[in-house]
Amino acid sequence: MAASVRLLVRRVHWTHRNRIITGRLRTSSDSESLSLCRLFSDAAGEKSTHFGFKTVPEAEKAKKVYQVFESVAHNYDVMNDAMSLGVHRLWKDQLLHVMRPQPGARLLDVAGGTGDISFRFLDYVRSQQGRQRRQAVRSMQTPSWQDISDNYSSAAEEGKEQQDSCAVVCDINKEMLKVGKQKAESMGITAGLSWVTGDAEELPFVDDHFDVYTVAFGIRNVTHIDQALQEAWRVLKPGGRFLCLEFSKVSNPVLARLYDAYSFQMIPVLGEVIAGDWKSYQYLVESIRKFPNQEEFKGMIEDAGFYRVKYYNLTGGVVAIHSGFKL
């Protein structure tokens, strides 16, 4: 019964919302309207939210989060390796295996930071192309001239698809994007990759544009998670997929105690030693504990309009991948 009520509410909500924005370009007036709505809402009564374990006015959280990532940007990748003992690389690889993108797909990587997900996406798509070519070659035993001609035509089409495949890294923090661009240049990754400064709550993209939306270790830092989820739904094409990789709740009590001890006693120390910044990494540890658990976040994704929502726990629930489709 509860599930039926939720489904009905979602349908009414999205029918009303589609009348407002579907089929329209994202314009400056749209963003101004959203900002004005927030302004009047805030004027009616200043709301508060969490910044780690602290309570702060909503208007201050975005600024504080920006300062955190501006501070850690140049040591971000090194600290990820140190904090997770390199396991974050396996988590991100698993995200791509769940995604399974095909040549021609368009990715929006929100809170994309230094580009790890987008780099993996482009590499995966190219690997898929190479596999398809090898399979085509193996299938041709004694090709005729027509087969050879068709094969060349197919290769040309694949090349066109690769050009169409693209990843857009969108992050509100300019310093993180700067580090990501430098990293891409050093790795020789330029084709099919672009960098955009943007707010997850007010994305600077038109409706129904991307095949895949990802956010990895970023959505817990957003002030209004529900608004970010609605924006994800808006920019995805019908049939598009939402994927979120985020720290979550450990179910095993023994592992949970060990994880908490490591998080609170070691990670801030590593932040001080490696990055010279204890406070930022204390916030990051606390923000994980304030994020909804797997089932609660699954419900939020469903409320945003997504269907076939499920999640996959990694490393005993330390991290979870949430998936949903815009149908």
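The values are calculated or read from the model by the stated rules, or taken from the named source; none is laboratory data. Please read these numbers as outputs of a predicted model, since none were measured by experiment. Glycine gets a Cβ as well: all are built from the backbone with ideal geometry, and neighbour counts include every protein chain shown. We work out accessible area using only protein heavy atoms, side chains counted, and drop any ligands, DNA or RNA first. Shrake-Rupley method; radii C 1.70, N 1.55, O 1.52, S 1.80 Å.
Averaged over its residues, segment 235-301 has an accessible area of 46 Å² per residue, based on protein heavy atoms and a 1.4 Å probe.
To the nearest 10, the accessible area of R134 is 130 Å² with a 1.4 Å probe. Here each label is just a point 7 Å from Cα along the line to Cβ, and for K310 and E202 those points are 3.8 nm apart. Highest average first, the peptides 187-200, 314-327, 215-228 ordered by how many other beta carbon atoms sit within 10 Å of their residues are 215-228, 314-327, 187-200.
Spin-label model, L90 to V269: label points 7 Å out along the Cα-to-beta-carbon direction sit 2.3 nm apart. Using alpha carbon centroids, what distance separates segment 182-198 and segment 59-100, in Å? First find each Cα centre; the distance between them is then 17 Å. Between S165 and G104, the built amide H atoms are under 5 Å apart, and every one of these is 5 or more places off in sequence or on another chain. Ranking of V273, V168 by solvent-accessible surface, largest first: V273, V168 (1.4 Å probe, protein heavy atoms only, all chains present).
Computed in the context of the full set of protein chains, the accessible area of segment 179-306 at 1.4 Å probe radius has 56% of its extent on carbon or sulfur. Of the solvent-accessible surface of segment 46-109, computed with a 1.4 Å probe over protein heavy atoms with every protein chain present, carbon and sulfur atoms account for 51 percent. Partner lysines whose Cα lies under 28 Å from the Cα of K54, excluding those fewer than 8 positions away in the same chain, are identified as K63, K64, K174, K249, K279, K290, K298. Our coupling estimate for segment 249-263, obtained by passing each phi through the Karplus curve with A = 6.51, B = -1.76, C = 1.60 and θ = phi - 60°, is 9, 7, 8, 6, x, 5, 4, 4, 5, 5, 5, 5, 4, 5, 4 Hz, Gly and Pro reported as x.
Under 5 Å from the amide H of S48 lie the amide H atoms of E58, each residue being 5 or more positions distant or on a separate chain, with H modelled from the backbone and absent for Pro and chain starts. Largest to smallest in accessible area, the residues L96, L258, L270 fall in the order L258, L270, L96 (1.4 Å probe, all protein chains included).
The accessible-area ordering, largest first, of the residues K183, K237 stands as K237, K183, per a 1.4 angstrom probe.
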